[in-house]
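The values are calculated or read from the model by the stated rules, or taken from the named source; none is laboratory data. From a predicted model like this one, the values you see are computed outputs, not experimental measurements. Neighbour counts are summed over all protein chains in view; Cβ atoms, including those assigned to glycine, are modelled from backbone coordinates with ideal geometry.
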Amino acid sequence: MYFTKFEEPFCAIDDIRKDEFARKYPLLDNRSVHAQWKKGSWQITRIGEIWKRTGKVFSVPYEGIDAYPSFQFAEDGTPLPLMETVLKALPADMTPWQRAFWMTSPQAELGGGYPANSIQTDDNRVVDVASEFGEDFLN
């Protein structure tokens, strides 16, 4: 009973944080991922799910759907090449929202920059930062 009362405000704070994230970093549903995919086939409408299953991108649960943060896609709608490597370097047991918040949090090893920006600029240092974070996360 005591925990139930205590959890509710934390859930509200979590929801606010997720809403702020969605405002700052546009989230795409499967249809939007497919629409941006310029090299794609009209027959493969759930390409976001395929890329997620193969570790090329990640999604977060938001408002009842799998939502894909837009910062992980190139202009032609394909996953950024470095994204898969960074996702593999992060701990497998991180929640989707932990991944999202890590990607958009300043990292001292990147000169205070965000991992998402480093992925977009193809800055390979982000892979080392993700690996180091993985070691710290697991210990």
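Can you confirm whether A116 is of a type in the set (G, A, S), modelled with pLDDT of 95 or more and part of a helix (DSSP H, G or I)?
Numbers: of a type in the set (G, A, S): yes; modelled with pLDDT of 95 or more: yes; part of a helix (DSSP H, G or I): yes.
So A116 fits the description; yes.
For segment 50-73, state whether one or more residues are more than 20 Å from K24 (Cβ to Cβ), touching a residue at least 12 places away in the same chain (Cβ under 8 Å) and among the basic types (K, R).
Looking through segment 50-73, at least one residue is more than 20 Å from K24 (Cβ to Cβ), touching a residue at least 12 places away in the same chain (Cβ under 8 Å) and among the basic types (K, R).
Any residue at all in segment 96-106 that is closer than 21 Å to K39 by Cα and of a type outside the set (V, I, T)?
Within segment 96-106, not a single residue is closer than 21 Å to K39 by Cα and of a type outside the set (V, I, T).
Report, by residue number, each residue of segment 50-87 that is acidic (D, E) and closer than 19 Å to A22 by Cα. Steps first, please.
Initial filter on segment 50-87 (acidic (D, E)): 63, 66, 75-76, 84.
Within segment 50-87, E63, D66 meet the criteria.
For K52, work out the one condition from (1) in contact with a helix residue (DSSP H, G or I) (Cβ under 9 Å, 6 or more places away or on another chain); (2) crowded, with 17+ Cβ neighbours inside 10 Å it doesn't fulfil.
With respect to (1) in contact with a helix residue (DSSP H, G or I) (Cβ under 9 Å, 6 or more places away or on another chain); (2) crowded, with 17+ Cβ neighbours inside 10 Å, K52 is out only on (1).
Out of all the residues in segment 80-110, which are part of a helix (DSSP H, G or I) and under 12 Å from the mean Cα position of the chain (by Cα)?
M83, E84, V86, L87, P96, W97, Q98, R99, A100, F101, W102, M103
Report every pair of residues separated by at least 6 positions or lying on different chains whose Cβ atoms are under 6 Å apart, first residue within segment 8-34 and of a type in the set (F, W, Y) and surrounded by 10 or more Cβ atoms within 10 Å (Cβ to Cβ), second assigned to a helix (DSSP H, G or I) and modelled with pLDDT of 95 or more.
Y25/F71
Just name the residue that is surrounded by the fewest Cβ atoms within 10 Å (Cβ to Cβ) out of those in segment 98-128 that are under 22 Å from S59 (Cβ atoms) and among the β-branched types (V, I, T).
T104
Does segment 67-79 hold any residues that are touching a Phe, Trp or Tyr at 6+ places or on another chain (Cβ under 9 Å) and either buried (at least 16 other Cβ atoms within 10 Å of the Cβ) or in a strand (DSSP E or B) (or both), and which are they? Walk me through how you get there before you give the answer.
Keep residues of segment 67-79 that are touching a Phe, Trp or Tyr at 6+ places or on another chain (Cβ under 9 Å), which gives 68-73, 76-79.
Result: Y68, P69, F71, Q72, F73, G77, T78, P79.
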